[in-house]
């Protein structure tokens, strides 16, 4: 059995290797909304902060189907324990606070008529070691979950599945395959769980000092070689190689870029023909 039922998996919680769960105090209200009339970067996640206690984010979400409107994920960071108090204060008061920080969000807020349109995301830090129990393999958030600050949740789940498929294909029996799957994902999962736990307080916490360090120091460090490459490898999930243990290989991006450039140069000729 493969359990991909997420961070609140009852199978994981009831297994012999059930992980200790550390509930994170900060979560977020979020919704996916139409981007009509919104002034935003269509190719990037953009966030605004007031220290680490307030965070508003816009993430382009594309279209579900051809011809549909472009969508954007909108989220507002808050302590989960404060969610009921925010709701009781009223939707208009919440919207006003957001507009004080980011007036451009008005076209999104106009689409929200009641609290039912917003999902309250709750985050927990937990890691199964190993991500197998008996004949059950755990993948994705059921095996490891944390805050979404590094943006690696979907990538980690896909790597889990690739590694499991690779192990099942190569092993002679199930026990060997599950052990190989656990070994293949051990180092990569451990590193990024640690990084996420370490970085989260810089973006969601009550700490004024950490927010100051983020704004004053990290921005400077990020522009200093070789930190650009290091940070790029962190946010792309490749600080340690996740591909080889899963039987994969990273794309040759220079070759891909050259090929794309060649197609673009030949496009006018193809159109003329």
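Data overview
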quantity: Considering residues of the range 226-250 that are exposed (fewer than 15 other Cβ atoms within 10 Å of the Cβ) and touching a helix residue (DSSP H, G or I) at 6+ places or on another chain (Cβ under 6 Å) only, the residue nearest to residue 184 (Cα to Cα); calculated: 247
quantity: Sole exception among (1) surrounded by 12 or more Cβ atoms within 10 Å (Cβ to Cβ); (2) within 30 Å of residue 79 (Cα to Cα) for residue 217, by number; calculated: (1)
quantity: One residue from 158, 164 being in a helix (DSSP H, G or I) and in contact with a strand residue (DSSP E or B) (Cβ under 7 Å, 6 or more places away or on another chain); calculated: 164
quantity: Selection status of residue 61, within 17 Å of residue 123 (Cβ to Cβ) and in contact with a strand residue (DSSP E or B) (Cβ under 9 Å, 6 or more places away or on another chain); calculated: no
quantity: Per-region count, the range 194-204, residues touching a residue at least 12 places away in the same chain (Cβ under 8 Å) and either out of contact with any helix residue (DSSP H, G or I) (no Cβ under 9 Å at 6 or more places or on another chain) or farther than 15 Å from residue 148 by Cβ (or both); calculated: 4
quantity: Tally of residues being in contact with a strand residue (DSSP E or B) (Cβ under 6 Å, 6 or more places away or on another chain) and surrounded by fewer than 17 Cβ atoms within 10 Å (Cβ to Cβ) across the range 129-155; calculated: 0
quantity: Residue 4 vs. criteria more than 22 Å from residue 114 (Cα to Cα), in contact (Cβ under 8 Å) with a residue 24 or more places away in the chain and surrounded by 12 or more Cβ atoms within 10 Å (Cβ to Cβ); calculated: yes
quantity: Any hit, the range 126-149, residues being assigned to a helix (DSSP H, G or I) and at positive phi; calculated: yes
quantity: Only one of 168, 210, 230, 248 that is more than 23 Å from residue 126 (Cβ to Cβ) and in contact (Cβ under 8 Å) with a residue 60 or more places away in the chain; calculated: 248
quantity: One residue from 217, 194, 263, 209 being closer than 28 Å to residue 141 by Cβ and not in a loop (DSSP other than H, G, I, E, B); calculated: 194
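Where a number appears in this text, it was derived from the coordinates with a stated rule and is not lab data. The structure displayed is predicted, hence computed values, not measured ones. Neighbour counts run over all protein chains shown; Cβ positions are idealised from the backbone, glycine included.
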